[in-house]
Amino acid sequence: MANSQTFTLKGTVSDDLGVLLPGATIVLNPNHFGQATDANGNFVFSSMPKGDYTLEITYIGYVAYKQSLTISKNMDLHVTLFPVRQTLQEVVVTGHVTDPAHKENSLTVDVANTAFLKQHLSGDLMKTLDRLPGVDAMSIGSGQSKPAIRGLGFNRVVVVEHGIKHESQQWGSDHGLEIDQYAIEQVDVVKGPASLMYGSDAIGGVIDLKQNKIPEPCTAGGTVDFTANSNNNLLGGSLYAFVRKSKFFFTLRTSLADFADYKVPTDSVDIYSFKAALHERRLRNTAGNEQNIHFSIGFVERHFTNRIFISVLNAKQGFFANAHGLEPRRVDTALHDASSRDIQYPFQEVRHLKIVNKSEIYQENYQWSSEIGFQQNLRQEWSSYVSHGYMPAVFPDTLAFPADLERAFDKSVISGNTKISIKPFSNVEAKFGLSAEYQANTIDGRGFIIPDFRQFTSGVFTYWNYHLSNNAILQAGLRYDLGLLHADEYNDWFESPESEGSDKMVFVQRASALDRRFSNVSWSVGYAATLRNFDLKANIGKSFRMPIAKELAANGVNYHHFSYEKGSPDLSPEVAYQVDLGLEWHAKQLAIGLTPFATYFANYIYLNPGFEHDRLYGNGNQIFNYTQSEVFRYGGELHAHYSISPALRLGVIGDYVYSLQTSGEKKGFTLPFSPPASFLLNARYEPQGTKTFVNPYASIDIKWVGSQSDIVPPEEKTNGYQTVNIGIGGQINWNKQPISVAFQIQNLLNSKYFNHTSYYRLINVPEPGRSFLINITIPIIKSLNH
């Protein structure tokens, strides 16, 4: 019978130079037949029923191929793929230029894709993203940095992974994010208030991390990554493997890194009144290592997917010995300088466990998704016991913690989200969501800064999209949040006088029990339109952030901020009103974009430097008090590019933010650690490739950063600076195996400069010197269709 006939479809995939492309993904719809091309770029579908199909072929770095065909006989095809020439790839890798989902978002969304992350790979993920306009890395040392969006960081920026809010010790400047940047293939940066979708802490924006996509059917393979950095002698690598036969798949990744003390372009550091000499220009005891493992298993049906992610990240890293505790004169320099790779006291150890189950159902007019996650973040700081104030000279052996455990923070988190999206009308989309999170936080060790606490937060929201036309959309949303926080009482483990001059000795209470309840209603209204070559976005909204335990109950030395910090139990939630605009004009050769914003905080929370100094628990640190004031902030980002020719492009990136306190005792001042204005000029050359060297590129960045003279005493003013970075790379086809290579020289001129948003700026530690970095990626994909 005719209907029982089957046929063979075979073919070869190459690029425009005739180079065969192994590992290209081939999918035949509507039956979702899938495989990958072999080492010779060939594919074969045998026993295919007669019928109409859509052939889709994709390969990283090339324009996707799509063709409708009717199989009624044996067919032999030759398909040519053409390299992608991304218009804004090197200026700002922006999804809102080409991605419809981001074009319809009334907030500004920048997207860093895999190519961007590889070509700008730095010491940690946030340093890599530092090149995006409006994004800064608030850092303290090598591999320790937090994201800041438009000058707002810490608990004002939400980091999302697998759809779940990433929970680490993000309140502290010295606490890294515990993110394996090898595992990230795309980052969406949402600028502006995102509390409507993500709740408290998203008042400044969102860093949404995307990991490996679901593998194509009937494929197996992976990638091998290798990274090296000359500045801190880093050697790192990552091995990723996946396999999918039909509906079930699994992935596995393991990453390792080991690095030495990093180098700065100076022979000594002025730590207040003491000049600390540096051996071979290295910051002694900043070496470290990481060991990370990720596993996922998933199930795919036509309208349903379910995936379980499990990851464990471990890290050990030293603290700059001359800075920790502000005792630069007591450092055993001979011990530290004997090796640049050893890790001596003081150091930290971190372990982050994450388990997430993510489910999705897709229908034509209906979509449902949910995420349920568990996280445990354990962070321990270790240092030699030194008595301060009334601490005993000899550490007692009767306590439950060892003498060298300075501090420990153990956070366990259970969180869940669910969201439903429906289309009641062809031009209307409605979203309804619910989220909840419970945290249990415990402390340990001889030092104190925050007490044990438990926290519960939940929120419900609705968000509506109304398509005014094919090119214009109106958006509006409403959210209600509830937060409960309980902090325990804490007393010193050693006795001190009850009051100055008193003979009565007591265990001084550092924190009293605390119960707070917070609630808030957030809203947002936005508009986005595309008019020929012009894109317009506008958004106005209200967002909020509930105070964290540190702001309410801190009472101790922050050795990494070189201060004594005191919380205020009566702080109110932050409330902000913000206006965001996005304007972009793009033509064949020229594109210009401007994203201005203005924000009014009714009660911004920040550390206010006082006039007193602590003499009992540290080394005479200045006391800082958490306080609130009205703040007005405004600024924006600029990006533009001009294509001189198909191979040569020029681009610029600029950002600026200004903050002004309009009430309180620091009225008329700005906010601490405000980033200065910056401007980056880029040139990128992409010549025609060869069969051996595909998609070659060479680029140069010249960045100017302005001085920061708007400060809050005791901040110091920071001079402006210029840096030059260069990069070259491309894909090498070696014996039919593609190998991607990205080489960088960061701080080419070995300039000595200070980053105003780095906490090492407080002790005059400059940024790292010249660095040579290389990243090599080897993809391996095999077809399982035989």
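The values are calculated or read from the model by the stated rules, or taken from the named source; none is laboratory data. All values derive from a computational prediction rather than experimental measurement. Positions of Cβ are generated from backbone atoms using ideal geometry, with glycine treated the same way; all protein chains shown enter the neighbour counts. The area values use the complete protein model at the heavy-atom level, side chains included, leaving out ligands, DNA and RNA. Shrake-Rupley method; radii C 1.70, N 1.55, O 1.52, S 1.80 Å.
Here are the numbers for this structure:
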item	result
Residues PHE82 and ASP404, FRET efficiency given R0 of 51 Å [Cβ-Cβ distance, rounded to 0.05]	0.25
Distance between modelled label sites at MET75 and GLU280, nm, 7 Å Cα→Cβ extension	6.2 nm
Efficiency of FRET between HIS467 and ILE214 - r from beta-carbon atoms, R0 25 angstrom, step 0.05	0.30
Added length on full extension, which subtracts the Cα-Cα distance from 0.36 nm per residue, GLU56 to ASP710	229.9 nm
Residue (of SER563, SER426, GLY205) at the positive-pole extreme of the chain, dipole from beta-carbon charges	SER426
Gained length - GLN589 relative to GLN509, 0.36 nm times residue gap less alpha-carbon distance	22.2 nm
Solvent-accessible area of ARG454 with every protein chain in place, 1.4 Å probe, in Å² to the nearest 10	80 Å²
Reported label for calculated log10 I(q)/I(0) by the Debye sum over Cα atoms at q = 0.05, 0.09 Å⁻¹ given (1) -0.54, -0.94; (2) -0.45, -0.97; (3) -0.27, -0.90	(3)
Simple Cβ-charge dipole of the chain, Lys/Arg +1 and Asp/Glu -1, about Cα centre, in debye nearest 20	2240 debye
Percent breakdown of C-alpha pair distances by 5 Å bin, ordered from the shortest bin, for the range 326-469	2, 7, 12, 12, 12, 10, 9, 7, 7, 6, 5, 5, 4, 2, 1, 0
For the range 158-171, Karplus couplings with θ = phi - 60° (6.51, -1.76, 1.60), whole Hz, Gly/Pro x	8, 9, 10, 9, 6, x, 10, 4, 6, 10, 10, 8, 6, 6
Simple Cβ-charge dipole of the range 404-491, Lys/Arg +1 and Asp/Glu -1, about Cα centre, in debye nearest 20	620 debye
Within-11-Å neighbourhood charge of PHE347 [Cβ basis; K, R +1; D, E -1]	-4
Accessible-area value, THR595, 1.4 Å probe, nucleic acids and ligands omitted, Å²	10 Å²
Mean-position separation - Cα centroids, the range 202-263 and the range 285-361, in angstrom	15 Å
For the range 241-250, Karplus couplings with θ = phi - 60° (6.51, -1.76, 1.60), whole Hz, Gly/Pro x	9, 8, 8, 9, 8, 9, 9, 9, 8, 9
Solvent exposure of the range 413-489 as accessible area per residue, Å², 1.4 Å probe	46 Å²
Above-threshold pairs, the threshold being 28 Å between Cα atoms, out of LYS263/LYS316; LYS146/LYS247; LYS165/LYS717; LYS213/LYS431; LYS213/LYS703	LYS146/LYS247; LYS165/LYS717; LYS213/LYS703
The range 512-523 - phi-based ³J(HN,Hα) in whole Hz, Karplus 6.51/-1.76/1.60, Gly and Pro as x	9, 4, 9, 10, 10, 10, 10, 8, 6, 10, 10, 8
Computed lengthening from ALA436 to ASN750, 0.36 nm per intervening residue step minus Cα-Cα distance	108.3 nm
Accessible surface of the chain, 1.4 Å probe, proportion on carbon and sulfur as whole %	58 percent
Average accessible area per residue (Å²) across the range 622-715 - probe 1.4 Å, nucleic acids and ligands excluded	43 Å²
Helix-derived mean residue ellipticity, 222 nm - over the chain, DSSP H n ≥ 4, -39500 (n - 2.57), to 500	-1000 deg cm²/dmol
Neighbourhood net charge (13 Å Cβ-Cβ; Lys/Arg +1, Asp/Glu -1) for TRP382	-1
Probe 1.4 Å, protein heavy atoms only - accessible area per residue of the range 228-346 in square angstrom	45 Å²
Solvent-accessible area of GLU498 with every protein chain in place, 1.4 Å probe, in Å² to the nearest 10	110 Å²
Selection from LEU235, ILE310, VAL331 lying farthest towards where the dipole of the range 222-369 points positive, charges on Cβ	ILE310
Modelled FRET efficiency - R0 45 Å, SER47 with ILE726, Cβ distances, 0.05 increments	0.30
Dipole of the chain, positive end: most advanced residue of ILE450, PRO738, PHE154 [Cβ charges, Cα centre]	PRO738
